[in-house]
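Colleague: Have a look at the structure that comes next, please.
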Amino acid sequence: MNLSNLKPAKGSTKNRKRIGRGEGSGRGDTATKGHKGAQSRSGYSRKAGFEGGQMSLVRRLPKFGFNSPNRIEYNAVNLDVLQKLAEEKGLETIDLQVFVDNGLAKRKDLVKVLGRGTLTAKLEVTAHAFSASAVKAIESIGGKVNKI
């Protein structure tokens, strides 16, 4: 076997319908488009979601929910993650650049420190927001909390 005699398996390919190629082809004249109407004209395209005049699914389903324009979204970082960072990297201060360098946040993200896990390292942590439990845990060890 070589590249010159490769071909698809028998019955796996079909010839496409060549429409609009004369009366003798059996698909000339209207070229399978029926008689008259928008769908027989050139340039016709059906609107997305159009269901032949039936009420479309999008319009049948009820509206619900609410998105507050004033919502502030934070990247959450827990105490156990801070502890792991401090141990692995030997850090005493953790700021936004440390979060970015370790893939915990992007450069323009807001970071909030949350209180899951235990913290044993004395750290100075800088972030945009802190939960009450996180502040308590950091300061109980003698660490420092800096809010941006």
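Nothing in this text is a laboratory measurement; each read-out follows from the coordinates by a stated rule. What you see is a predicted model, and the numbers here were worked out from it, not measured in a lab. Cβ placement follows ideal geometry from the backbone for every residue including glycine, while neighbour counts extend to all protein chains displayed.
Colleague: With θ taken as phi - 60° and the coefficients 6.51, -1.76 and 1.60, list the Karplus ³J(HN,Hα) couplings across segment 98-108 in order, rounded to whole Hz; mark glycine and proline as x.
Modeller: Values, residue by residue: 5, 4, 5, 4, 9, x, 8, 7, 8, 4, 9 Hz.
Colleague: To continue, here is another question. Please compute the contact order of the chain in relative form: average sequence separation of alpha-carbon pairs under 8 Å and at least six residues apart, divided by the residue count, as a percent. Let's see the in-between values first.
Modeller: Working: 161 pairs, mean separation 22.0, N = 148.
With pairs under 8 Å counted, the relative contact order is 15 percent.
Colleague: Explain nothing, just the number: dipole magnitude of segment 74-147 about its Cα centre with +1 on each Lys and Arg Cβ and -1 on each Asp and Glu Cβ, in debye rounded to the nearest 20.
Modeller: For segment 74-147, the charge dipole is close to 260 debye.
Colleague: Additional query: Excluding residues on the same chain fewer than 8 positions from residue 112, give the lysines whose Cα lies under 28 Å from its Cα.
Modeller: Qualifying lysines at Cα under 28 Å: 84, 89, 122, 136, 144, 147.
Colleague: Hey, another quick one. Could you please rank 123, 91, 57, placing first whichever residue has the fewest other Cβ atoms within 10 Å of its Cβ?
Modeller: 57, 91, 123
Colleague: Over segment 19-65, calculate the relative contact order: mean separation of alpha carbon pairs under 8 Å at least 6 apart, over the residue count, as a percent.
Modeller: In percent, rounded to a whole number, it is 17.
Colleague: Which net charge results for the neighbourhood of residue 75, defined as the other residues with beta-carbon distances under 15 angstrom from its beta-carbon, given Lys and Arg at +1 and Asp and Glu at -1?
Modeller: Numbers: positive: 71, 106, 107, 108, 112, 116; negative: 73, 95, 101, 109.
Summing Lys/Arg as +1 and Asp/Glu as -1 gives +2.
Colleague: In segment 74-147, what is the volume of the convex hull around the alpha carbon atoms, normalised per residue and reported in Å³?
Modeller: About 69 Å³ per residue, rounded to a whole number.
Colleague: When the helix-only estimate is applied to the chain (DSSP H runs of n ≥ 4, each -39,500 (n - 2.57), divided by the residue count), what is the mean residue ellipticity at 222 nm, nearest 500 deg cm²/dmol?
Modeller: On the way: 4 runs with 31 residues, N = 148.
Computed ellipticity for the chain at 222 nm equals -5500 deg cm²/dmol.
Colleague: Is any residue of segment 133-148 close enough, with backbone N under 18 Å, to a label point placed 7 angstrom from the Cα of residue 124 along the Cα-Cβ axis, and if so, which?
Modeller: 135, 138-148
Colleague: Among the lysines, which have Cα under 20 Å from the Cα of residue 63 when same-chain residues fewer than 8 positions away are ignored?
Modeller: Here the lysines satisfying the reach criterion relative to residue 63 do not exist.
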